[in-house]
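Bear in mind these aren't lab numbers, they're just calculated from the coordinates by the rules spelled out. All of these numbers come straight from a predicted model, not from anything done at the bench. Quick reminder, even Gly has a Cβ in these numbers, built from the backbone with ideal geometry, and neighbours come from all protein chains shown.
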Ligand code: SF4
């Protein structure tokens, strides 16, 4: 069963009506101010129950939740969630349930083994030429399946520059680093001034060839993508964005405007989507998301197998589900809409592509392949092994 809404339905959602109903004293101007959105995030039982009739399971989970990965999401994102349907796909990613407290076999607090690969606080040296710079633990919304649930939201710190200087010094000393991915937390939580301070210092390091920002903000708080922000960002090319999208319901006119602003500033946009049970694990939902992203000039980049972070079993699908989704896309729609399906190998093994296999075997110098429709073809290949 498809428990997910389509992008068309989400686009018809009336954010103004939501605002007038639940925030009657808030003007459209305030609502469209990202700082208002951030200050007024829904963060506790009272805030949730003011809008959502919670299930017993949700209420118990909210009361039990402590420490990192707090509950938190913007009023804007709340307006995309069904009030009456606990199976609403975005709701599942934002409002905890008690399954979150169950640690299943193979699950870890640090599933990607990032902590041992952190030479200085806030920096993970992931590949020989790439570092991950965790610039804050602060997010606009806290996703219940977050790989960094051990860290995010713990103190909602905006690090002082002395801490960032340690990471910058490491990058300056390591001339093999060509790619710096700013993540966290969400780097776009930083003010324009703080973010520019960081980008300017990274940009002046000669061996850093390009910068990336990993963010969920265009989907959950698109008001943050202001004209002033993009004017600043475009000074630091080549700068890429990896945007975390989950479901076609996120593809609102507000998010389209945010992506258009970024794309118009010459920033290449790629999407990252985590495959989540009961949220987006259906071919029709994933196709709507990927095609909708393309229309917003966001290239579907990665579909991630959900990491085995503690308490995530209720979100994880078998790998066969992801392969079936990729099969449902490949050959049936434009190749631009097909992301690469990827598993982050537990413990720091890096990314492993999980492509469906279309090669059936080999006969001498001939390779047998099966296409997306199931038809077999023979290809004379020069190599000995495939
Ligand atoms: S926005 Fe990213 S870092 Fe923040 S909670 Fe969600 S997945 Fe984790």
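A straight line joining the Cα centroids of the stretch 227-254 and the stretch 49-127 runs 23 Å.
Compute the Rg/Rh shape ratio of the stretch 84-191: radius of gyration over Kirkwood radius, all on alpha-carbon atoms. Can you show the working numbers first?
Numbers: Rg = 16.1 Å, Rh = 15.5 Å.
Expressed as Rg/Rh, it is 1.04.
When the chain is treated as a Gaussian network with alpha carbon springs shorter than 10 Å, the biggest mean-square fluctuation among 31, 164, 197 belongs to 197.
Arranged from highest to lowest average of other beta-carbon atoms within 10 Å per residue, in what order do the peptides 81-92, 139-150 appear? Mind dumping the intermediate values first?
Details: 81-92: 17.6, 139-150: 22.9.
Per-residue Cβ counts within 10 Å, averaged per peptide and sorted highest first, yield 139-150, 81-92.
Computed over the chain with a Gaussian network model linking Cα atoms closer than 10 Å, the most mobile of 172, 194, 50 is 50. Spin-label model, residue 209/residue 85: points 7 Å from Cα along the beta carbon direction are separated by 4.6 nm. Where in the stretch 78-97 does the amide nitrogen come within less than 12 Å of the point 7 Å from the Cα of residue 21, taken along Cα to Cβ? Within reach of a label on residue 21: 79-85. Counted over the stretch 235-386, the DSSP beta bridges are approximately 45% antiparallel.
Largest mean-square fluctuation among 364, 347, 266, in a Gaussian network model of the chain whose springs join Cα atoms under 10 Å apart, belongs to 364. Okay, which of the stretch 65-79 sit inside 13 Å, backbone N to the point 7 Å along the Cα-Cβ direction of residue 102? In the stretch 65-79, the label zone of residue 102 (backbone N under 13 Å from the point 7 Å along Cα→Cβ) covers no residue. Residue ranges 105-112, 203-210 sort as 105-112, 203-210 when ordered by packing (mean number of other C-beta atoms within 10 Å per residue, highest first).
Per-residue ellipticity at 222 nm for the chain, helices alone: DSSP H runs ≥ 4 residues times -39500 (n - 2.57), over residue total, nearest 500 deg cm²/dmol? Let's see the in-between values first.
Working: 15 runs with 119 residues, N = 386.
Roughly -8000 deg cm²/dmol at 222 nm, from the helical runs in the chain.
Highest-first packing order for the peptide set 348-355, 72-79 is 72-79, 348-355, based on the mean count of other beta carbon atoms within 10 Å. Taking 7 Å steps out from each Cα toward its Cβ at residue 29 and residue 366 produces label points 7.5 nm apart.
The alpha carbons of the chain occupy a box of 74, 53, 43 Å along the principal axes, longest dimension given first.
Relative to the current alpha-carbon distance between residue 359 and residue 332, full extension at 0.36 nm per residue lengthens the span by 7.9 nm.
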